Every structure is written in structure tokens, then in C-alpha cells.
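Trainee: Pasting a structure below so you can have a look.
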């Protein structure tokens, strides 16, 4: 075994995500019901681990909101399961919140092919992450979020280091204890420590769940803070399919009290821009006036319908 291989072996062996879970050590002799109970009991611990990180997630959200207001983006960089979670979270923002596909983007080691077939070797070089950051034209307005359950993934470390070098705000979502975090270049580490996995090293399980919860919080909270909802309803959704068109009508009906035909009429008059339709109805103004009000209110419908 080469010196490099031994070093990597010992590094991986000492990772929190690679330890054995005593609660599941006899899982291979357990019944189906017993296995499910073990997994479910372990999964219950994940939200509590995320809860401990709320102050750091709050700080990260504020940075994201500030960046987007200044014309920046939120960019995820990960490998394997972590990379896929970033790509999924980013891809859901346009249909849910009406954002540009460029505003929140996910990058995975190995490129698009890695979303469907594991390209695990692609994560082994820091320069691959650095190259993707450069190709994305990251700048000081952006927020770059590295995602790696183990914390040590070279691709993610390389991406975050290069982003920091370029002046971007950097986040890092990892499932290792905060005290073991040693990447000094990161502005905000988010470290939900979920403990050893039911199947040793299978970080698609509790670690993946924790990372998914954190990413949901980052984008959802940021979008709410940017005026993308009315109360708890999405009002900047894109009409990319028939289901979303009908959802838009229901949202307009729920908020304003108009019937189906009236909701359809106002959406047609506003080019199916839900926010404008809402302001038109609630403030009894024209489409042009609704647009002016929304711009003045920075996209917040409740502010736009208030009289000057």
C-alpha cells in the first residue's frame, strides 16, 4: 500500500460518517419490520441535528438574500449524493418561485452524467471543483455552497477554495462535528451531525436527509424573504404545465375570494403573472399600475396593495 493510500485510508477511517452504528450492528439478522424500525428510529434524530444549526443557517440565508438583491447567485457544488441534492434543490426553484434557472444552480462532480450514473472518481481532484467554479464565472456577488457529508471531498474543497479566492461568500454543508471542521476558507460552515449511518458509510441515508433539510431551508427561506410568497402560498410560480396553471387560479381564488372565471380573466389580463393579478384585484388597479406598485414594493404583494 502506497503512502498516499495509507494516508487516505486512515483519513477516511477516522471520519464521523464512516463509523459503525451500534444500534444496527445486527441488522443482517433482523426481520423486515425490525430493519424498518431501526431506520425510522435513526431518521427521527435528523431534525434535531439540523435544529442545532439554525443560527448558522439563518446567517447563511441572510447572506443569500443580500447577494441576490445585489445581482448575485446561489451556486451549489457537491459530489455523489450531496451533488445530486444540490442539483435537485436548484432545479426546483424556477417552477416553485419563478426564478431564472441561472439564479440558483447546482454543480456535481462528473457533470450531468453523474446525476444518473455514479462518476465517483470525478470527486478526487480539487482542481475539478476549481475548474467548475471558474467555468461558472463566480464573482464577489455570488454565494457558493459546498455540500459534502464527510467534509473532505476534494472536488468540493477545491470549489469552495477557488470561490473564496474570487471573493464569493462561501457556505459548507457537512454532517461532521463542527469542532472537526478545518477548512478555514469557509465563511459559514453548517454542520448537522447525525452520527453513524444505519449502514456504515451510506451517507445517502441520515446525512443525505439532513443535507436535504438544510438546502430546503436555505432556498425556501431566502425566497420568502424576497417576496416570493403571499402568507404561505407560492405566488411567483411559472406556468410550465397545466397543473401549475390551475394551481395559479386556485391561489388567486383563495387569496382574493373571486370565482374561477374571474381568476382566469385576471390571470389572462396579467399574462399569467400571479402577483400582478393579485394586486389588480386586491388594490382595484390596472395591470400597468400593479406592475409599478410591485416594483416599488420590491415584489411583496402585501406591501403593493397598501395605499401610499
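Throughout, read-outs are computed from the coordinates displayed, never taken from laboratory work. Note that the coordinates shown come from a computational prediction; the quantities given were computed from them, not determined experimentally. Methodologically, a virtual Cβ is constructed for each residue, glycine included, from the backbone with ideal geometry; neighbour enumeration extends over all protein chains shown.
Trainee: From the helices alone, meaning DSSP H stretches of at least four residues, give me the mean residue ellipticity at 222 nm for the chain, per-run term -39500 (n - 2.57), in deg cm²/dmol to the nearest 500. Before the final figure, lay out each step's value.
Mentor: Details: 13 runs with 154 residues, N = 308.
So the calculated ellipticity at 222 nm is -15500 deg cm²/dmol.
Trainee: Label residue 35 and residue 268 with points 7 Å out from Cα along Cα→Cβ: what is the distance between them in nm?
Mentor: 5.6 nm
Trainee: In addition: Would you kindly state how much longer the chain becomes between residue 92 and residue 66 on full extension, computed as 0.36 nm times their sequence separation minus their alpha carbon distance, in nm to one decimal? Kindly include the intermediate steps, with their values, before the conclusion.
Mentor: Working: separation 26, 0.36 × 26 = 9.36 nm, distance 2.08 nm.
Additional length available on full extension: 7.3 nm.
Trainee: I would also like to ask the following. Can you bin the chain into rounded, prolate or oblate? Criterion: square roots of the alpha carbon gyration tensor eigenvalues sorted a ≥ b ≥ c, rounded for a/c under 1.5, prolate for a/b above b/c, oblate for the rest. It would help to have the intermediate numbers written out before the result.
Mentor: On the way: a/c = 2.54, a/b = 1.78, b/c = 1.43.
Cα axes put the chain in the prolate bin.
Trainee: Where does each of 197, 262, 246 land when they are ranked from fewest to most other beta-carbon atoms within 10 angstrom? The partial results should precede the final answer.
Mentor: Working: 197 24, 262 16, 246 13.
Final ranking by Cβ density, sparse to dense: 246, 262, 197.
Trainee: Could you tell me whether the range 162-235 comes out rounded, prolate or oblate from its Cα gyration tensor? Rule is a ≥ b ≥ c as square roots of the eigenvalues, rounded for a/c under 1.5, then prolate if a/b exceeds b/c, otherwise oblate. Numbers along the way, then the final one.
Mentor: Numbers: a/c = 3.05, a/b = 1.28, b/c = 2.38.
Oblate is the answer for the range 162-235, as a/c is 1.5 or above yet b/c matches or exceeds a/b.
Trainee: Would you order 77, 287 from fewest to most other beta-carbon atoms within 10 Å of each residue's own beta-carbon? Mind dumping the intermediate values first?
Mentor: Values: 77 33, 287 16.
So the residues, fewest neighbours to most, are 287, 77.
Trainee: Oh, and also: Mind checking Rg over Rh on the range 229-304, alpha carbons, Kirkwood formula for Rh?
Mentor: On the way: Rg = 11.1 Å, Rh = 12.0 Å.
Computed over Cα atoms, the ratio is 0.92.
Trainee: On to the next question. Rounded if a/c is under 1.5, else prolate if a/b is larger than b/c, else oblate: which is the range 46-225, with a ≥ b ≥ c the root eigenvalues of its Cα gyration tensor?
Mentor: Working: a/c = 1.32, a/b = 1.13, b/c = 1.17.
Judged from the Cα gyration tensor, the range 46-225 comes out rounded (a/c under 1.5).
Trainee: Going by how many other Cβ atoms sit within 10 Å of their own, how do 233, 205 line up, fewest first?
Mentor: On the way: 233 15, 205 20.
With the fewest neighbours first, 233, 205 line up as 233, 205.
Trainee: Given a Förster radius of 35 Å and the C-beta distance between residue 245 and residue 115 as r, what FRET efficiency does 1/(1 + (r/R0)^6) yield to the nearest 0.05?
Mentor: Numbers: r = 28 Å, r/R0 = 0.80.
Computed FRET efficiency for residue 245 and residue 115 comes out at 0.80.
Trainee: Hey, another quick one. Using DSSP, restrict attention to beta bridges with both residues in the chain and report what percent are antiparallel, rounded to the nearest 5. It would help to have the intermediate numbers written out before the result.
Mentor: Working: 2 of 20 bridges.
Approximately 10 percent, going by the DSSP bridge assignments.
Trainee: Continuing with the same structure: Using a Förster distance of 51 Å, how high is the FRET efficiency between residue 100 and residue 259, based on the Cβ-Cβ distance and rounded to 0.05? Display every interim value, and only then the final one.
Mentor: Values: r = 33 Å, r/R0 = 0.65.
Using R0 = 51 Å, I get an efficiency of 0.95.
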